[in-house]
1. Restricting attention to the range 263-339, which GluC sites (Glu not before Pro) occupy a DSSP loop and are surrounded by at most 12 other Cβ atoms within 10 Å?
2. Name the long-range amide H neighbours of N520: under 5 Å, sequence gap of 5 or more, or other chain; modelled H, no Pro or chain starts.
3. I need the fraction of alpha carbon pairs in the range 191-277 separated by more than 15 Å, rounded to a whole percent.
4. How large is the Rg to Rh ratio of the range 201-339 when both quantities use alpha carbon positions and Rh follows Kirkwood?
5. Give me the Å³ per residue figure for the convex hull around the C-alpha atoms of the range 39-89.
6. Restrict the search to the range 117-225; then list the GluC sites (Glu not before Pro) that DSSP places in a loop and that have at most 14 other Cβ atoms within 10 Å of their Cβ.
7. Which ³J(HN,Hα) values, rounded to whole Hz and listed in residue order, are derived for the range 629-636 from phi using the Karplus coefficients 6.51, -1.76 and 1.60 in 6.51 cos²θ - 1.76 cosθ + 1.60 with θ = phi - 60°, glycine and proline given as x?
8. Please identify the GluC sites (Glu not before Pro) of the range 321-399 that satisfy two criteria: DSSP loop assignment and at most 15 other Cβ atoms within 10 Å. Which are they?
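What follows draws every value from the coordinates through simple rules; no lab data is involved. Everything numeric here is computed off the predicted structure, so don't read it as measured data. Neighbour counts run over all protein chains shown; Cβ positions are idealised from the backbone, glycine included.
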Amino acid sequence: QRSGHGTMVASAILAVAPDVELIAAKVCNRAGSCPDFAVMDALDFAYQQGANVINISLGQPFTNGFYNMLARIIEEAAKMGTIITVPSGNYGNTPFISGGMADGENVITVGATSTSPYGRMASFSARGPGVLNNIKPDICAPGDTMVLANAGSGVNGISARGTSFASPLVAAAAALIQQKCPECSSFAVKSILMNNARRSIKENKYIYLNAPVSWVGSGEVDLNRAVDASFWAFSIEDTQPKIALGAVDVSSDMVIKRNILITNISSKQKSQRIKLETVFRDSNDQGSNAMKISFQPEEFVLGPNCRSTQSVAVEFQISAQNVPSNHMTSGGIDGNDPRNLNKNEFDGWIVMKMDETEASIPFHSILRKAADVSVGLKELPVQQIFSPKVNIDLTNHGAGIAQLEIFELLATSEDDMEPVHRTSSLSPPADFRYIGYRTIPEASCGYVLEFAFQLWERRQTLANTELRVLIDTDGDMQHDFVLTNRGPRHNRATASECRIQNVDGGSWECANFAPDHSTNSGTAIIRACSDDLGINRFSSVGVQFTSATYPRISQNVDNTPYVTVSIPSVISSPSINVYPGASLANLPIHGGANPVRNPFAKGLMILTNSYRNKENTGAATQASEAIAIPFPGVTIPTERTQDRLSFSRALSVVGPSCGWDATSSTCGATRRLDRLPLSEDGARVVNDGTFHNRVLSGDTCPEKRVQREYQDISVPTMAPTPPPTYPPTSRPTRAPSFAPIFPHKNRGEGKDGDYENDVGSAAGIDSDERPEIPPGDTSSGGFSTREFSLFLVVSQALFVCVVLFR
């Protein structure tokens, strides 16, 4: 309230529902922090006062509502019938950034549209999808440059912008709907508002294309249409007025089914002929034939009696051949680029038309062509590690290319049991499953050290996760350097940067590489140059692995003891592309540089969803995105707690009674937002919190570009057309060769425990090309080149107050 934020929120409510009774609760302190306990106390206070509708204008980016105690309490309150509206946040058009309380399925999450010009998204409005890849925000309302009450000025107004001021407009609209329909559940109120939202909201004034459903939700709130509705609808399986198919790894053709329930709420005893049709947000999605939607029945007559219902079966038919390859990544200059999410989103609205009126339900999916890999070799014979080839018997059964990267399996870890009651860590645990290691020769910096990870839980993005390698270069069992990916909560960097910290100096320096992470996957690679770490060639160092999630670093931490790795590594393998239907009999690993296998080595680790370029960032089924082939006697852990995160469904779905269309609202809007008088300082725009801008800044690391020697390996082609080639990038090359035999230093005895492991290896020549294995071919070999680019996303938490009213 120090900035007048609460007064502006209250005036936005009163502009829509001027006769509503307000209850205000202050939950933020003078330092700008809004503690969870304060918000919980405010919720309790609101209940004691009999509040019907609660607006909570605060939030936090890149956090997981399922692991947020406050978010879950608010979600439970919404499930039990209280109408709760929350803003999506002011973090901009950055995929997956909306989080925290905005994740809840039963709350109404509100984005912001522009007021000048009308009909487009406000650039600062935060984008989903939500933590479960569900549709978030649910709906939008004007929130850009509105004239609201200026606290302490008497009757003057001030120009304000932010989702904090869009959310109370929807709260006020919900209050009017509930006044018209006191028997309506909060679920029905939400459904009626979303069914009747205005869909024609554009991305911006330059792109005349409807905004993505993951940004606009069902559309912009239209109160007039909502109060005049003659029927309402929702998805039975989702128990929501929306259909979220989530992120789908499409390895084969599939059909996903839903059922929509449509209910007549008119008392006019008149049958309503309704026809269903699909409106794709982007007509190119429909033209691609990747997704076809059918209805049964497609047209019907809804009975004349009030509360007559009709169930409609909906089939989403997905053609694997026509689904695009994955474009989404957390790393490089393309990391968190909304245009990449757009390419994999198939979204729009299921429209129910009746005469001159209509209602709609938004649908949303993230489709990506995926590999599905099986390996015949279940155990790696010790003698095979010294052979140029391993008889692996690998087959890609999926529709996408299996993009292989091979590592020494350095560590395995059990699946940690998760608590019954989720902690308030705000992010899922970064729980290690496999860790791999290898080196790649790089003329300009010695060797590139690469560390591959697979986590038990998939991550939408690495924005709230740090994977750390603690490196001991002098053998004292104390780390001298830290290698990690830096997220947007630190140093204004994105997860697209690998950074190095010299423990003695304390500063974070650019590693000049990006991490590899395909969004909605459990695998990642981070890397750095040996010269930047002060590591001599043909030596060994101690490494320890830790992970942490943000913003609450003290929880959900995983770690390992020190193990030893060698520079260069014992194993070096090319990057390999295995096309759909193709098999790889022999895996070229080019090992044998060290005549004695490390006794703590665990085997091979294969990533099948590795980055190639921005048009193909890699995708594989969750079960096959990382494969471990152990040495004899090594046990590979199995999953103990599958992460099937879900929020509770609404307890009541009661809708309007038969008197709905005979009831009028007595507290209808009598004032327009722009009619409030402006004082001289009204020209000043008050921003709701700090706005998130996706811009390059001096804090962004430069790219490392190196010229590499390469060697071509010809592969017999049996396909009717040659496979596509990938242009060189600035990511490090993957290439095999033989390095001189070097002495291996085993640091510490340790035990062969969860993470105890020593490795050593050889690496080799680089290449600008990759061995492509076309359909029907069985082969191996090859080389690769990869680049890194860096992009900075500036993200800061939204600071707002809370207004509760009835």
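1. Numbers: sites: E277, E298, E299, E315; in loops: E298.
Answer by residue number: E298.
2. Here the answer is R459, Q460, T461, since their amide H atoms fall under 5 Å of that of N520.
3. Details: 2616 of 3741 pairs.
Here the tail beyond 15 Å accounts for 70 percent of pairs.
4. Working: Rg = 18.1 Å, Rh = 17.7 Å.
Looking at the range 201-339, the ratio lands at 1.02.
5. Numbers: hull volume 3.7 nm³, N = 51.
In the range 39-89, the Cα hull volume divided by residue count equals 72 Å³.
6. Working: sites: E183, E203, E220; in loops: E183, E203.
Sites meeting the loop and neighbour criteria: E183.
7. 10, x, 6, x, x, 8, 9, 8
8. E356, E379
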